[in-house]
Every structure is written in structure tokens, then in C-alpha cells.
Amino acid sequence: MQKHPMIEQLIDAHLNFLDQSFLDAHTVETEFVNFYQWFRKQQLQQIWSFEQINALIQKQILQTPASGFLIEQIAEHIKFALIHPANDSTSIADIIPVMTIDKIAQYVASKSGHRQRLIKTMVNNPAFSAMITQLIQHSIQDYLDNSVIAKSVPGVSRFMKMGKSVLENVTDTNLDDAVAKYLQKNILKLSQMSETVLNQHFDDQKLYHFQANLWHKIKAMPVSVLKNYIEVQDLPQTVAMGAEIWDFIRQSGYMKQQVHDGVYAWYARNAERPFDLLLRDLNIDETLIQHELQNLLNPIIQQLIQSGYLRNRARAYLESFYYQNSTLEILKLPT
């Protein structure tokens, strides 16, 4: 392509003009605000379709695994938060509002119906029945073997052992088997008794006071007490296991359907809303645009200019414009 001195001068003049214009922070602010004023009036459905948003989320979140570096960074940030020196001088009450704790306690205590169903499900579980059976058997055996009375009163220990032997001879079975058979026959009654006792112990008032007392016990503890329950050195393994669970879930048809339907429901509610309302949902308003975001953007623009990137990219487009035939004809220059 033949170079024309006049065109080269025009291109350089354009580039100098752009450099000078965008070196002025006020220019960047004005353009950014003007763009926002246009963008805020556009409806969601005028810019993006449901299919575009869903495809982006499906690809970037569900179809793309988390990188090993990201997983390492998550573990490092959790570790940093747990071992931070401020944890030793900060109490739990300093970071958790007591009024919120009280609201939670009242809410949990008021859910008597949910609590009763949970207790019923628990006591009727075979694992609970087996645990109660073993606990009673061990308690009886422990009482016979280690009774305080049998140890402190001469002759009682021998008497209790003799009584056990007589019982086993009369029933033609050992005591453990006899107790086990009795418990198996009466396990339904025992479960019902357990359910009644648990419901009585965890009624609304008692559960509320239990939670309140628990809060008063822990509120003055330092945040560093969390290290007693979280193994800091195991974080790389535990976070990795969490990532494996997410990796499996994100590829399931269940999660894909949930995301699809969730995005569709959100889009249906917001398709006709302008972007200023959508951004306001994220606490982004014109004040934020004019100050914080503009202040973040301006250094980027300055770096684009100082590094020569903006000038080089602009030159490519200006050369394409000036050296096309229609422009050369306007300038009356040979093609």
C-alpha cells in the first residue's frame, strides 16, 4: 500500500487528538457517564436473550471445572482467615449481633411442628433403636459388674452374681440374651417413650433457653477458637474434597435443569426491566458510576495511552479508513 504524506499527517493528528483527549480525566468521566445514561435505559430483553444468558452460565459455570490454582487459593484464603492475629483479640460477640442470635433462637424454637417430625423420624430409625438397645444392655451389665453398693457392702457383690446365675438358670438363657429379647419385643414402646421424652425436653421454651444459654457461654470466646474445630493443616484436602463434590454436581442433569429453570424464571421477571433497576439490585447506581467505578477505569485508560496500546489500535482503524477508495476519492488522491 502506497503511503500518502497528507494521509499520514491526518492520521498522526487524529492520534494526537485522541491521546490529548483521553489524558484528561474529565473526558473519561464524561464518556463513561454518557454510556451509562444510554445503557441504563435499555431493557434486558433488548440487549440479551434468555438463551444467551443461559448458554453463558451453563458453559462457564457448569461445563468448566474449577482450576487447581483456584482451589489452592480458596484453601489459602480460608487458612489466612483462620490464623489471622486479629482472631485472638476479637470475640464472637464482636462479629455476630446478639439481636440476630435472639431472632434465630426464637425462630428455631417456634418450629415445633418441624421439630416433632424430626424427632419422630429419628426415634423410628433402626439405627436409633439399635443404639438404645445397646445402651440399655451396657448400662445393666455395667451396673451388675460395677455397682457402688456391690463394691461397698460386703457380700452384696456375691449375692448379685448369684441372683444373675439363678435368673439365667430359670430362664434357660444368659442375662444378656434375655435383656436383648425383651428390648426387641418392646422397642416400639421404648421408641415412643423416647419421642415423648425428647419432645418434653425440647419444647419451645426449653429449646429457646438452651440456645440463649449456649450463646452466653460462647459469646466471649475469641474467634480463634474456631481453630479447635477446623484442622488448618488439612484445608488443602478438605477444600479439594468440596471441589470434587461440586465437580460431580455441576455435571449432573439435575443441576443443569435447576440452573436452566432458575435463569428462565429470573429472566421472565426481569426481561422488561431497564438496566438501571437491574444494576440497582446490585447496589450499582449513578453515584457509584461517577465516582468509584470511574476512578477505577481512569488509571486503565491512562495506562492504555502511556503504553502505546491505544495509539497502535487506533492507527490500524484510521489507516483502514483513510486508505479505502471512497476516502481517497473524497481527498482527491490517487487510488
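Report, in debye and to the nearest 20, how large the dipole of the chain comes out about its Cα centre when Lys and Arg carry +1 and Asp and Glu carry -1 on their Cβ.
Details: 30 positive and 34 negative charges, 270 e Å.
For the chain, the charge dipole is close to 1300 debye.
Name the residues of region 1-30 whose amide N is less than 19 Å from a point 7 angstrom out from the Cα of E319 along the C-beta direction? Flagged as within label range: 1-19.
A Förster radius of 30 Å, combined with the Cβ-Cβ distance separating H209 from I140, puts the computed FRET efficiency at roughly 0.35. With a simple spin-label model that places each label point 7 Å from the Cα along the Cα-to-Cβ direction, the separation between V232 and S89 comes to 1.8 nm.
Listed from fewest to most Cβ neighbours within 10 Å, the set I53, I11 follows the order I53, I11.
Long hydrophobic helices in the chain: none of the complete DSSP H runs spans 30 Å or more by Cα along its own axis with mean Kyte-Doolittle hydropathy of at least 1.6. If you work out Rg/Rh (Cα atoms, Kirkwood Rh) from the coordinates, which of (1) 1.27; (2) 1.24; (3) 0.98 do you get? From the options (1) 1.27; (2) 1.24; (3) 0.98, the structure gives (2).
Secondary-structure-derived ellipticity at 222 nm for the chain, considering helices only, amounts to -24000 deg cm²/dmol, per-run term -39500 (n - 2.57) for DSSP H runs with n ≥ 4.
If you filter region 250-335 for GluC sites (Glu not before Pro), then keep DSSP loop positions with at most 15 other Cβ within 10 Å, what is left? Listed in order of number, the matching sites are E272. What lysines does K219 reach when the alpha-carbon gap must be under 27 Å and sequence neighbours fewer than 8 apart in one chain are set aside? Qualifying lysines at Cα under 27 Å: K79, K103, K111, K206, K227.
Would you mind calculating the gained length between W266 and L15 on full extension (0.36 nm times residue separation, minus the Cα-Cα distance), in nm to one decimal? Write down the numbers at each step before the final one.
Values: separation 251, 0.36 × 251 = 90.36 nm, distance 4.45 nm.
The W266-L15 span can extend by a further 85.9 nm.
If I stretch the segment between F248 and Q184 completely, what's the gain in nm (0.36 nm per residue apart, minus their alpha carbon distance), one decimal? Walk me through the numbers before you get to the answer.
On the way: separation 64, 0.36 × 64 = 23.04 nm, distance 4.14 nm.
Residue separation times 0.36 nm, minus the Cα-Cα distance, leaves 18.9 nm.
Each value in this text was obtained by applying a stated rule to the coordinates, not by laboratory testing. Owing to the predicted nature of the structure, the values given are computational and were not obtained by experimental measurement. Counting neighbours? That spans all protein chains shown, and the Cβs are built from the backbone with ideal geometry, glycine included.
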